[in-house]
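**Q** The following block contains the structure, expressed as structure tokens.
We did not get these values from a lab; they are worked out from the coordinates using the rules stated. None of the values given here were measured: they were computed from a predicted structure. Every residue, glycine as well, gets a Cβ built from its backbone with ideal geometry; the counts of neighbours run over all protein chains shown.
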Amino acid sequence: MAIIVNLDVVMAKRKVTLSELASQIGITLANLSILKTGKAKAIRFSTLDAICRALDCQPGDILEYVPDEEGEV
Amino acid sequence: MQRLDEKGLSGIVKRFLDLIFLGGIAIIISLPWSVKWYLERLIFGTSEKYPFLLGFFYVTGILALVIVYEMRRIFKTLNRKNPFMMDNVKSLKRIAVASFLIAAAYVVKIFTFNSFLTIILAMVFTIAGFFSIILAEVFYQAVTVKEENDLTI
């Protein structure tokens with residue numbers, strides 16, 4: 001699966017730290033860092049909505065699809 | 001599992017499990033004497049069956065103790081409100097293996113020291129073994145779903 005999470009890029013642009021963002025959108029620091037480090041398996045629309053509202057961005061700014069190469073799982 | 005969470009019930013179940021475990025250990029230790037005592041009182045019992053019965057009860061007793069031990073371990077994860085973990089899948093598989101071994105021992109007993117109860121117990125422990133295998137698979141699928149859910153932000 002090749003969905004890349006570019007959360008750190010947008011956070012840097014908006015000069016927001018992980019803990020600030022976590023408290024703004026109401027999810028735990030642990031969950032947010034799971035998302036940031038690419039370990040998450042799924043994201044709820046409500047979470048995506050809260051992140052985009054807090055960072056004033058589009059989902060495409062945060063999520064990026066990279067096609068898998070031939071033969072990769 | 002709110003029922004086992006109330007102070008009264010979970011305490012009672014834990015005490016029962018502890019009682020069965022300790023009682024089992026005490027019975028196994030006393031086997032050389034209790035089997036002899038019991039055989040002397042049986043009308044159809046003969047003392048030449050003593051070695052077989054002693055070995056039989058040792059084997060099934062220790063296997064039953066293994067089952068109760070694994071049950072106590074699963075129960076502790078219930079108290080921690082986190083029962084869906086791979087350890088419990090392994091515990092259930094060990095319970096299944098122990099049940100099947102006890103059933104096999106009872107099948108052997110059918111040919112050496114038979115009774116109605118022996119046949120029934122052989123069937124009961126076979127069913128218990130299959131039940132544990134199915135439960136292990138249920139837990140395994142539950143763990144998979146839980147891990148997916150835990151990683152959903």
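**Q** Starting from chain A, pick out the GluC sites (Glu not before Pro) whose DSSP state is loop and whose Cβ has at most 14 other Cβ atoms within 10 Å.
**A** Sparse-neighbourhood loop GluC sites (Glu not before Pro): A:GLU69, A:GLU70, A:GLU72.
**Q** In 5 Å bins starting at zero, report the fraction of Cα pairs in the protein assembly as shown per bin as a rounded %.
**A** Spelled out per bin, shortest first, that is 1, 6, 10, 11, 11, 9, 8, 8, 7, 6, 5, 5, 4, 3, 3, 2, 1, 0, 0.
**Q** Residues with beta-carbon under 15 Å from that of A:SER19, excluding A:SER19: net charge, scoring Lys, Arg +1 and Asp, Glu -1?
**A** With Lys, Arg at +1 and Asp, Glu at -1, the neighbours total +1.
**Q** Shifting gears a bit: To the nearest 20 debye, what charge dipole does segment A:3-65 have about its Cα centre, counting +1 at the Cβ of each Lys and Arg and -1 at the Cβ of each Asp and Glu?
**A** Magnitude of the dipole: close to 140 debye.
**Q** Here's a follow-up. Under 12 Å from the Cα of A:LYS39, which aspartates and glutamates turn up, not counting those fewer than eight places away in the same chain?
**A** B:GLU147, B:GLU148, B:ASP150
**Q** By count of other Cβ within 10 Å, fewest leading, how are B:LEU31, A:LEU35 ordered?
**A** In increasing order of surrounding Cβ atoms, one gets B:LEU31, A:LEU35.
**Q** Taking +1 at the Cβ of each Lys and Arg and -1 at the Cβ of each Asp and Glu, which of A:ASN6, B:LEU117, A:ALA42 sits farthest along the dipole of the protein assembly as shown towards its positive end, judged by Cα position relative to the Cα centre?
**A** B:LEU117
**Q** Any idea how far the Cα center of segment B:11-59 sits from the one of segment B:81-128, in Å?
**A** Comparing the Cα centres of segment B:11-59 and segment B:81-128, I get a distance of 17 Å.
**Q** Could you tell me which residue out of B:ILE12, B:VAL97, B:THR60 lies farthest along the dipole of segment B:3-150 toward its positive end? Charges go on the beta carbon: Lys and Arg +1, Asp and Glu -1, centred on the Cα centre.
**A** Farthest along the dipole direction, towards plus: B:ILE12.
**Q** Can you give the Rg/Rh ratio of chain A, where Rg is from the C-alpha atoms and Rh is the Kirkwood radius?
**A** Rounded to two decimals, Rg/Rh equals 0.99.
**Q** Counting each DSSP H run of 4 or more residues in chain B as -39500 (n - 2.57), what helix-only mean residue ellipticity at 222 nm follows after dividing by all residues, to the nearest 500 deg cm²/dmol?
**A** It comes out at -30000 deg cm²/dmol, rounded to the nearest 500.
**Q** Report the charge-dipole magnitude of segment B:27-153 in Debye, nearest 20, computed about the Cα centre from +1 at each Lys and Arg Cβ and -1 at each Asp and Glu Cβ.
**A** It comes to approximately 320 debye.
**Q** Do any trypsin sites (Lys or Arg not before Pro) in chain A lie in a loop, going by DSSP, with at most 11 other beta-carbon atoms within 10 Å of their beta carbon, and if so which?
**A** Here the sparse-neighbourhood loop sites are A:LYS15, A:LYS39, A:ARG44.
**Q** Which value, in debye to the nearest 20, gives the size of the charge dipole of the protein assembly as shown about its Cα centre, when Lys and Arg are +1 and Asp and Glu are -1 at the Cβ?
**A** Computed charge dipole of the protein assembly as shown: roughly 1220 debye.
**Q** So which lysines pass the test for B:LYS14, namely a Cα distance under 28 Å, with those fewer than 8 places away in the same chain ruled out?
**A** B:LYS76, B:LYS81, B:LYS90, B:LYS93, B:LYS146
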